[in-house]
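Read-outs: derived from the displayed coordinates by stated rules, not from any lab. Everything numeric in this text was worked out from a predicted model, so none of it was measured. Positions of Cβ are backbone-derived with ideal geometry, glycine not excepted, and every protein chain shown enters the neighbour counts.
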Amino acid sequence: MDKLPSRGHLLTEQINLNSQNLDSISTIEIVDLFNQEDTKTITAIANARESLAATIDAGTKGISHGGRLFYIGAGTSGRLGVLDAAECPPTFCTPPELVQGIIAGGAGALIKSSEDLEDLPEDGAKAIAYHKITSVDVVIGITAGGTTPYVHGALQAAKSRGATTVAISCVPAEQVPISADIDIRLLVGAEILAGSTRLKAGTATKMALNIISTGVMVRLGKVYGNRMVDVSVTNSKLRDRALRIISDLTDLNRQEAETLLERSGQKVKLALLMHWTGLDAAEGTKLLEQHQGNLRAAVG
């Protein structure tokens, strides 16, 4: 890894002039200050729109060719990646290995600080080797300050294996260059609490991950209109959502929607296809497979 600049000069470590009296203002002024500063996350996302779109396209292409999507980071950045990955199976009925989050220190680091492990680039490389990253995989390294050795090590190892690499950071490229195929810069400015990147940087990162994972799933055909037609029906809330989706998109009442959902094996997408085409579950499944699971294409 190239020699990195002193962290004191990084945008994420600088002093926010708007919060220099943070410990002496009123409680409502603290809330107002956070609200004012958090508006900068929206601008940061807007300024990264092209790189975010490129990441969605890369993720879609990789998964369509049998690849996987990985987030890798340390501390807050790692936790955000694990959180987003964990939400994909219930929302889009994806297998847990399709979108994965890797955090320095493993599962224990999700609830107990292990930030000391972020200084080991070889551990990042080992994580890439452990997950057998290949040329069809997409690896997204998350490092708010851009300097995390663990993430740099992982990105370099992933690149050497031919994977598509993406870097998400909250510092300008001229402060910290990162070697990645796609470079996402979320420039939210100095934090209210100097150096605490779990604040604006964390918020902007979470927003970016929301966009990336949802965008990929839309492109993969796991969404019809704006409905999560691949929702996993695993509890009463999700079953209710599934029934509402079926009723809203068809002329069926709730009881009829329940019957259709049962016939489809609790698969909303298949239930809708069966209703619209008159096919049975086996025929509908075959038709969906022919169209790579894209409901709109199958119906068309």
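Let's test the formula: R0 of 35 Å, r as the Cβ-Cβ distance of Arg244 and Lys61. What FRET efficiency results, to the nearest 0.05?
The value I calculate is 0.60.
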Globularity index of the range 198-253, i.e. its alpha-carbon radius of gyration over 2.2 N^0.38 Å:
1.45
Under 17 Å between alpha carbons, and skipping anything fewer than 8 positions from Lys269 in its own chain: which aspartates and glutamates qualify?
Asp230, Asp240, Asp248, Asp251, Glu256, Glu258, Asp280, Glu283, Glu289
Dimensionless Rg/Rh of the range 49-93, both radii on Cα and Rh by Kirkwood, sits at 1.01
With the radius of gyration and the Kirkwood radius both derived from the Cα set of the range 7-219, what is their ratio Rg to Rh?
0.98
Percentage relative contact order, the chain, counting C-alpha pairs under 8 Å, at least six apart:
20 percent
Round to the nearest 10 and give me the degree value, 0 to 90, for the angle of helix 75-92's Cα axis relative to the longest principal axis of the chain.
10 degrees
Treat the count of other C-beta atoms within 10 Å as a stand-in for reagent exposure and order Cys93, Cys170 from fewest to most.
Cys93, Cys170
Can you give the angle from 0 to 90° between the axis of helix 27-47 and the longest principal axis of the chain, with both taken from C-alpha atoms, to the nearest 10?
70 degrees
When the helix-only estimate is applied to the chain (DSSP H runs of n ≥ 4, each -39,500 (n - 2.57), divided by the residue count), what is the mean residue ellipticity at 222 nm, nearest 500 deg cm²/dmol?
-15500 deg cm²/dmol
Likely footprinting exposure, Phe92, Phe34, fewest C-beta neighbours within 10 Å first
Phe34, Phe92
Between Leu273, Leu69, Leu186, which gets the highest mean-square fluctuation from a Gaussian network model of the chain, Cα cutoff 10 Å?
Leu273
On a 0 to 90° scale, report how tilted helix 49-64 is relative to the longest principal axis of the chain, with both axes built from alpha carbons and the result rounded to the nearest 10.
50 degrees
When the Cα atoms of the range 208-300 are enclosed in a convex hull and the volume is divided per residue, what value in Å³ results?
95 Å³
Note on the range 236-299: contact order normalised by length, alpha-carbon pairs under 8 Å, 6 or more apart, percent, works out to 21 percent
